[in-house]
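Reviewing the structure listed below.
The values are calculated or read from the model by the stated rules, or taken from the named source; none is laboratory data. Everything numeric here is computed off the predicted structure, so don't read it as measured data. Here the Cβ positions follow ideal geometry from the backbone for every residue, glycine too, while neighbour counts run over all protein chains shown.
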Amino acid sequence: MGSCFSVKIKAESPLHNGMLACCFRVSSTCGQKIGNDLSCSNSKISSVSVPSTPRTEGEILQSSNLKSFTFNNLKTATRNFRPDSVLGEGGFGCVFKGWIDEHSFTAAKPGTGIVIAVKRLNQEGLQGHKEWLAEINYLGQLYHPNLVKLIGYCLEDDQRLLVYEFMPRGSLENHLFRNLGTGASYIQPLSWNYRMKIALGAAKGLAFLHSDEAKVIYRDFKTSNILLDSKFNAKLSDFGLAKDGPTGEKSHVSTRVMGTYGYAAPEYMATGHLTTKSDVYSFGVVLLEMISGKRVMDNNRPPGEQNLVEWAKRYLTSKRKVLHVFDARIEGQYSFGIALKVANLAIQCLSVEPRFRPNMDKVVRILEQLQDSNDIGGSQNGISPSSTSNSSNGPKHHSQPCNSSVNEASNEKAASSPGPSAPHLQT
Ligand SMILES: Nc1ncnc2c1ncn2[C@@H]1O[C@H](COP(=O)(O)OP(=O)(O)O)[C@@H](O)[C@H]1O
Ligand SMILES: [Mg+2]
């Protein structure tokens with residue numbers, strides 16, 4: 001179960017280049033976000049047409065197709081926010097598992113109705129409120145198979161909650177990094193094919209956000225914000241930092257620097273200029289974490305290896321050394337040719353110059369080609385990713401029924417035991 005009582009440290013620190021000061025807040029379990037410059041000045045559309053004019057809080061809440069829940073209803077649905085039903089914890093607060101009736105949306109007995117995930121904000125004032133509203137603003141209007149479905153919200157006195165579809169396999173972070181170095185019982189590492197399937201699904205989610213239809217910059221792409229359904233389809237969650245992309249002739253939006261240390265693009269950290277290419281950089285970081293099985297930042301690694309991107313860059317461009325970066329636990333599940341192509345994609349996404357990074361449509365195309373050409377083994381956990389392929393165009397978002405199988409239970413446990421994360425940053 002996740003700790004909801006994390007210790008936070010706040011420290012001012014200059015960035016590498018000394019141009020900006022950063023403000024970190026670190027929790028004992030995972031990175032904490034602070035602040036948000038979201039103005040909610042624009043609205044985003046997908047299948048519904050919404051005017052792109054400034055929107056007040058009332059308009060955002062009213063225009064979404066979301067259900068408004070009472071606090072008592074969610075309290076009952078989560079059995080009084082039981083500590084043993086914690087699914088995870090982010091910078092915002094804890095996420096609890098609960099049950100509601102699919103017709104009346106009222107609390108249901110555990111194991112009946114539909115399963116939901118309820119995020120309850122730490123009551124720490126205004127900043128959390130902005131992130132809460134940002135999630136409603138974006139997820140209330142954007143629909144895509146690779147975005148998590150927001151069902152509703154609760155706003156009552158100081159209480160702010162969000163109600164999502166339940167994602168039975170939790171976050172990618174827990175699958176990649178759980179039990180590493182803890183001495184806990186061995187759990188099979190995520191197979192290569194699943195990693196590539198997840199990379200493709202997450203890339204599709206980002207590509208949709210960047211498309212003309214949505215024009216959104218996600219700004220917080222990282223493994224803990226990529227959730228997995230029962231078939232390992234990836235869905236992006238946590239839109240608290242999402243931002244409207246530039247309009248008209250503008251190439252970027254200017255913001256305070258926010259995000260998570262290690263994932264944020266260097267030029268964004270240095271200037272506060274945010275573009276879709278900032279998300280592409282973060283995608284490169286996650287891709288690198290997926291192929292290496294290593295966290296982007298880890299102070300427990302030897303000096304020189306603590307920053308994954310800096311360490312890996314010297315190997316990724318060398319045909320002779322590239323495999324050094326790859327996760328040895330899944331060796332043999334991919335061909336050398338495929339490894340080279342994925343390494344090359346990661347290198348491109350991690351280009352220091354944003355214009356050398358591909359856009360997300362191109363990333364999707366490359367990953368699709370790789371998936372088509374990857375005929376090497378790799379299926380684990382008893383299910384082949386190809387046989388459970390991402391139904392990108394299929395029916396969307398239905399909460400998974402509660403499944404009490406051993407496999408499911410262990411995943412749930414993993415989902416509620418987040419390991420240490422990179423700290424968030426802000427200037
Ligand atoms: N819909 C969900 N289904 C299952 N687990 C979830 C769901 N939403 C969040 N979680 C878990 O809670 C964690 C924190 O959620 P997140 O939305 O990222 O919160 P924060 O905004 O505080 O970072 C995730 O990393 C994941 O482990
Ligand atoms: Mg998060």
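I'm trying to understand the selection: among the residues of the range 230-260, which are in contact with a strand residue (DSSP E or B) (Cβ under 7 Å, 6 or more places away or on another chain) and more than 14 Å from ligand 2 (Cβ to nearest atom)?
Across the range 230-260, the qualifying residues are Ala234, Lys243, Asp244, Gly245, Pro246, His252, Val253, Ser254, Thr255, Arg256, Val257.
Looking only at the range 137-170, which residues are touching a Ser or Thr at 6+ places or on another chain (Cβ under 6 Å) and more than 21 Å from Asp101 (Cα to Cα)? Leu142, Tyr143, Pro145, listed by residue number. Taken over the range 315-340, the criterion of being closer than 30 Å to His252 by Cβ and either part of a helix (DSSP H, G or I) or modelled with pLDDT of 95 or more (or both) is satisfied by Leu316 alone. Looking at Tyr138, Tyr186, Tyr164, just one residue is modelled with pLDDT under 90 and among the aromatic types (Phe, Trp, Tyr), and that residue is Tyr186.
Name the residues in the range 137-152 that are in contact with a strand residue (DSSP E or B) (Cβ under 9 Å, 6 or more places away or on another chain) and either in a loop (DSSP other than H, G, I, E, B) or within 13 Å of Phe92 (Cβ to Cβ) (or both), would you?
Those that are in contact with a strand residue (DSSP E or B) (Cβ under 9 Å, 6 or more places away or on another chain) and either in a loop (DSSP other than H, G, I, E, B) or within 13 Å of Phe92 (Cβ to Cβ) (or both): Gly140, Leu142, His144, Pro145, Asn146, Val148, Lys149.
Ile217: aliphatic (A, V, I, L, M) and closer than 19 Å to Arg365 by Cα, yes or no? No, not satisfied. Taking the range 248-276 as the search range and keeping residues that are assigned to a helix (DSSP H, G or I) and among the polar types (S, T, N, Q), which one is farthest from Arg219 (Cα to Cα)? Going through the qualifying residues, I end up with Thr271.
Just to be sure, is Ser399 at pLDDT below 95, surrounded by fewer than 18 Cβ atoms within 10 Å (Cβ to Cβ) and more than 30 Å from His252 (Cβ to Cβ)?
Values: at pLDDT below 95: yes; surrounded by fewer than 18 Cβ atoms within 10 Å (Cβ to Cβ): no; more than 30 Å from His252 (Cβ to Cβ): yes.
Against the criterion (at pLDDT below 95, surrounded by fewer than 18 Cβ atoms within 10 Å (Cβ to Cβ) and more than 30 Å from His252 (Cβ to Cβ)), Ser399 does not qualify.
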